[in-house]
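Engineer: Quick one: the structure is below, questions incoming.
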Amino acid sequence: MPKLGVNIDHVATVRQARKTNEPDPVWAAALAELGGADGITLHLREDRRHIQDRDLRILKETVKVSLNLELATEDKVIEIACQVLPDQATLVPEKREEVTTEGGLDLTINTPKIQSAMNRLKDQGIIVSLFLDPTLEQIDLAKQLGADAVELHTGQYALCRGEQQHTELVKITEAAKMIRERGMTLLAGHGLTYSNVQPIAGIPDMNELNIGHSIVSRAIMVGFEKAVADMKQLVTSA
Ligand code: PXP
């Protein structure tokens, strides 16, 4: 049964729209735990457009489930991760102009920089996950670089419909098998919603799904705890 990691970035997006102190992602994380979240995920972006350093530091003290920090392979943010010590770090590509993370990390580019970031995190005992597109080349490289886990990018699956979506699901299912065969932990996320999550949750040995935007969107209507509980129910019954 997959675990549910709740990404709280967009609670901070609403706060940053006014640069005030509400809504507080720390409060949202506590409600997510009450709703059944197995993990809390946050992305400390270089431009600090949503999550702030203060959020990360407080969440490290308050979150009782697993804390997963998404970050780029940039020195300054790697240094912060090594000081704060989240349970897991997920390396993602980051471009200033993007609306959200577009595509997985490309391990064929800047490989020494990625390896060095991974080593620094692993030396601190942090589990390292890589956010990758579902291709054999990337998965093999992840293994060679010593990744503990791979989070498969489900963004393309989420964008497609019908036959095309089925093709994407097959691609993700095959990539998932490769990850398991190479002894790495299998995660998936991006663009998952209440209506498209179950086929991904049903992939054999899926360890965890990371879901943010859809949960925060529903939370505005029904409350954070219920929005998380609704998603948890779908994920665990797939
Ligand atoms: N996983 C990763 C690596 C991400 O970068 C994001 C977006 O921050 C998510 C999962 C969650 O995506 P969404 O907000 O579309 O659920």
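Taken together, the values in this text are just the output of simple stated rules run on the coordinates, not laboratory data. Small disclaimer: the values here were computed from a predicted structure and weren't measured. Glycine also receives a Cβ, built like all others from the backbone with ideal geometry; neighbour counts cover every protein chain displayed.
Engineer: If I take every Cα pair under 8 Å that is 6 or more residues apart in the range 1-126, average their sequence separation and divide by the length, what percent do I get for the relative contact order? Can you show the working numbers first?
Structural biologist: Values: 183 pairs, mean separation 24.9, N = 126.
This gives 20 percent for the range 1-126.
Engineer: How would the range 70-149 be classified by its alpha-carbon gyration tensor: rounded, prolate or oblate, with rounded meaning a/c under 1.5 and the a/b versus b/c comparison settling the rest?
Structural biologist: oblate
Engineer: Residue by residue, what Karplus-based ³J(HN,Hα) values in Hz, rounded to whole numbers, does the range 203-216 have, using 6.51, -1.76 and 1.60 with θ = phi - 60° and x for Gly and Pro?
Structural biologist: Rounded to whole hertz, the list is 5, x, 6, 5, 7, 7, 10, 10, 9, x, 4, 5, 5, 5.
Engineer: Once you order the gyration tensor axes a ≥ b ≥ c over the Cα atoms, which shape class does the chain get: rounded for a/c under 1.5, otherwise prolate or oblate by comparing a/b with b/c?
Structural biologist: Oblate is the answer for the chain, as a/c is 1.5 or above yet b/c matches or exceeds a/b.
Engineer: Percent relative contact order of the chain, based on C-alpha pairs within less than 8 angstrom and at least six residues apart?
Structural biologist: Relative contact order comes out at 22 percent.
Engineer: Among rounded, prolate and oblate, which fits the range 18-92 when a ≥ b ≥ c are the square roots of the eigenvalues of its C-alpha gyration tensor, a/c under 1.5 means rounded, and a/b larger than b/c means prolate?
Structural biologist: oblate
Engineer: Mind listing which trypsin sites (Lys or Arg not before Pro) in the range 126-216 are in a DSSP loop and have 12 or fewer other Cβ atoms within 10 Å?
Structural biologist: Numbers: sites: K143, R161, K171, K177, R180, R182; in loops: R161, R182.
When the trypsin sites (Lys or Arg not before Pro) of the range 126-216 are filtered for loop state and at most 12 Cβ neighbours within 10 Å, R161 remain.
Engineer: Taking just the alpha carbons, could you work out the radius of gyration and Dmax for the range 1-40, both in angstroms?
Structural biologist: Cα-based Rg and Dmax for the range 1-40 come out at 11.3, 39 Å.
Engineer: Next question. In the neighborhood of L44, defined by Cβ-to-Cβ distances under 9 Å, what is the net charge if each Lys or Arg adds +1 and each Asp or Glu adds -1?
Structural biologist: Net of charged neighbours comes to -2.
Engineer: Search the structure for amide H atoms under 5 Å from the amide H of G104, placed 1.01 Å from N in the peptide plane, and list their residues when 5 or more places away or on another chain.
Structural biologist: Correct list: D133.
Engineer: What nm value, rounded to one decimal, do you get for the distance between R48 and Q83 when each label is placed 7 Å out toward the C-beta?
Structural biologist: For R48 paired with Q83, the spin-label model returns 1.2 nm.
Engineer: Could you go through the range 35-49 in sequence order and give the Karplus-derived ³J(HN,Hα) for each residue, using 6.51 cos²θ - 1.76 cosθ + 1.60 with θ = phi - 60°, rounded to whole Hz, and x for Gly and Pro?
Structural biologist: x, x, 4, 8, x, 10, 10, 8, 10, 8, 7, 4, 7, 6, 6
Engineer: Using 13 Å as the cut-off for backbone N distance, which residues of the range 126-145 belong to the label zone defined by a point 7 Å from the Cα of C160 along Cα→Cβ?
Structural biologist: Taking a point 7 Å out along Cα→Cβ of C160, the residues of the range 126-145 whose backbone N falls under 13 Å are 134-135.
Engineer: GNM on the chain, C-alpha springs below 10 Å: top fluctuator among N210, N119, N110?
Structural biologist: N110
Engineer: Label point 7 Å out from T167 along Cα-to-Cβ: which residues of the range 188-231 have amide N under 16 Å?
Structural biologist: The answer is none, because no backbone nitrogen lies closer than 16 Å to the label point.
Engineer: How many angstrom lie between the Cα centre of the range 105-178 and the Cα centre of the range 53-76?
Structural biologist: With the range 105-178 and the range 53-76 each reduced to a Cα centre, they are spaced 21 Å.
Engineer: I would also like to ask the following. For every other residue with a beta carbon closer than 13 angstrom to the beta carbon of L85, add +1 if it is Lys or Arg and -1 if Asp or Glu, then tell me the sum.
Structural biologist: With Lys, Arg at +1 and Asp, Glu at -1, the net is 0.
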